[in-house]
1. Considering only residues that are more than 13 Å from residue 225 (Cα to Cα) and assigned to a strand (DSSP E or B), which ones fall in the stretch 182-200?
2. On the basis of being under 22 Å from the mean Cα position of the chain (by Cα) and within 26 Å of residue 71 (Cα to Cα), does residue 112 make the cut?
3. Can you find, within the stretch 29-68, the residue that is nearest to the chain's Cα centre (by Cα) among those that are assigned to a loop (DSSP other than H, G, I, E, B) and in contact (Cβ under 8 Å) with a residue 12 or more places away in the chain?
4. Looking only at the stretch 105-139, which residues are surrounded by fewer than 13 Cβ atoms within 10 Å (Cβ to Cβ), at negative phi and either in contact with a strand residue (DSSP E or B) (Cβ under 9 Å, 6 or more places away or on another chain) or in a strand (DSSP E or B) (or both)?
5. Please go through the stretch 281-302 and give me each residue that is modelled with pLDDT of 90 or more, surrounded by fewer than 17 Cβ atoms within 10 Å (Cβ to Cβ) and under 24 Å from residue 318 (Cα atoms), ordered by number.
6. Looking for something within 30 Å of residue 199 (Cα to Cα), touching a strand residue (DSSP E or B) at 6+ places or on another chain (Cβ under 6 Å) and assigned to a loop (DSSP other than H, G, I, E, B) - is there at least one such residue anywhere in the stretch 147-159?
7. Looking at the stretch 310-334 only, could you name the residues that are surrounded by 13 or more Cβ atoms within 10 Å (Cβ to Cβ) and either free of Cβ contacts under 8 Å to residues at least 60 places away in the same chain or closer than 15 Å to residue 292 by Cα (or both)?
């Protein structure tokens, strides 16, 4: 959270008890200048013996901001204050405001003895509230809210020491909820629900690190906070679980990055691992490059065999795939890890983490 403000060069003032409003002029870089060369100016308005208000304007007298200060000395050399810092001479103390060129308020926040502390509020130029949150020294804590320019809520989340932690709700411009869930130390956690603009549920994601695969009696874990369960479905006699990896940048399509598909089906007790794997391989549209058998550093789940493969998707993009087949107590399990080939080296450690996590 950036609450940075301008620092201004001020002229030497007389003791507070005897001064009136003073004016200082600045160039385009907010450095002291003669009036005829100035782009901005500030007025220094004594309020009490050690409290004053500084207002900043364009040279055309458009108000930009106003800040309250508390003097720490009777005689203050404001040029020195700029050179050596505020702490020796004066500190921000009170309400501070920034304005749009139109005169509408843009931002308001509080200082207490030089420390930013309290509610921070920002407005759209039309006067509707844009953001609101509580912060101390630019560190957000508690509820953080944003609003569309219409005034309708855009999001409501909770921060703990400037990190997303707790309930989160996001809205459509019409005021209806778009999606909601929870964050745990900056990472999505638990169930996230997605709704249409008319309020109907359209999707659900489950974020957790470890899952128990019932039937095969196998545990599987994912790297913390970046993989989620997107879909569970049954097709014929196969029960499938589809996981996606969160995008690594805003422009990336999640489905194009990486996925993990786990499918379960009953197999006759007289069908062994090799027969089951051969049966499943014939139904995969991938080009197997090598067999992964007893590489203990890649997976240790008994009665399992893996394959390193690749294929070309419908958009003619190269994909890298790792397939694992396993037979556990009459249940056949197929796990398919798939990603764009250009991202494989980046995701390789995550794929290995998932495979190594498979345990009875």
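The values are calculated or read from the model by the stated rules, or taken from the named source; none is laboratory data. All values derive from a computational prediction rather than experimental measurement. Using ideal geometry, Cβ is built from the backbone for each residue, glycine included, and neighbour counts are taken over all protein chains shown.
1. Filtering the stretch 182-200 down to residues more than 13 Å from residue 225 (Cα to Cα) leaves 193-200.
Within the stretch 182-200, 193, 194, 195 meet the criteria.
2. Against the criterion (under 22 Å from the mean Cα position of the chain (by Cα) and within 26 Å of residue 71 (Cα to Cα)), residue 112 does not qualify.
3. First, pick out the residues of the stretch 29-68 that are assigned to a loop (DSSP other than H, G, I, E, B): 29-31, 33-34, 38-39, 49-50, 59-62.
Cutting the leftovers down to in contact (Cβ under 8 Å) with a residue 12 or more places away in the chain gives us 30-31, 38-39, 49-50, 59, 62.
On the way: 30: 34, 31: 37, 38: 41, 39: 38, 49: 45, 50: 42, 59: 39, 62: 36 Å.
Among those residues, the one meeting the criterion is 30.
4. Taking the stretch 105-139 first, the residues surrounded by fewer than 13 Cβ atoms within 10 Å (Cβ to Cβ) are 113, 119, 126-127, 137.
Those still in the list that are at negative phi too: 119, 126.
Hit for the stretch 105-139 is 119, nothing else.
5. Scanning the stretch 281-302 gives 281, 282, 283, 284, 285, 287, 288, 289, 290, 291.
6. The first filter runs over the stretch 147-159 and keeps only residues within 30 Å of residue 199 (Cα to Cα), leaving 147-159.
In the following step, the residues that additionally are touching a strand residue (DSSP E or B) at 6+ places or on another chain (Cβ under 6 Å) were identified as 147-148, 153-159.
With assigned to a loop (DSSP other than H, G, I, E, B) added as a condition, the list becomes 148.
Yes.
7. If the condition is that a residue be surrounded by 13 or more Cβ atoms within 10 Å (Cβ to Cβ) and either free of Cβ contacts under 8 Å to residues at least 60 places away in the same chain or closer than 15 Å to residue 292 by Cα (or both), then 310, 311, 312, 319, 320, 321, 322, 323, 324, 325, 326, 334 are the ones that fit.
Okay, residues lined up against (1) assigned to a strand (DSSP E or B); (2) in contact with a helix residue (DSSP H, G or I) (Cβ under 8 Å, 6 or more places away or on another chain); (3) in contact (Cβ under 8 Å) with a residue 60 or more places away in the chain:
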{"position": "275", "(1), (2), (3)": "no, no, no"}
{"position": "278", "(1), (2), (3)": "no, no, no"}
{"position": "301", "(1), (2), (3)": "no, no, yes"}
{"position": "308", "(1), (2), (3)": "yes, no, no"}
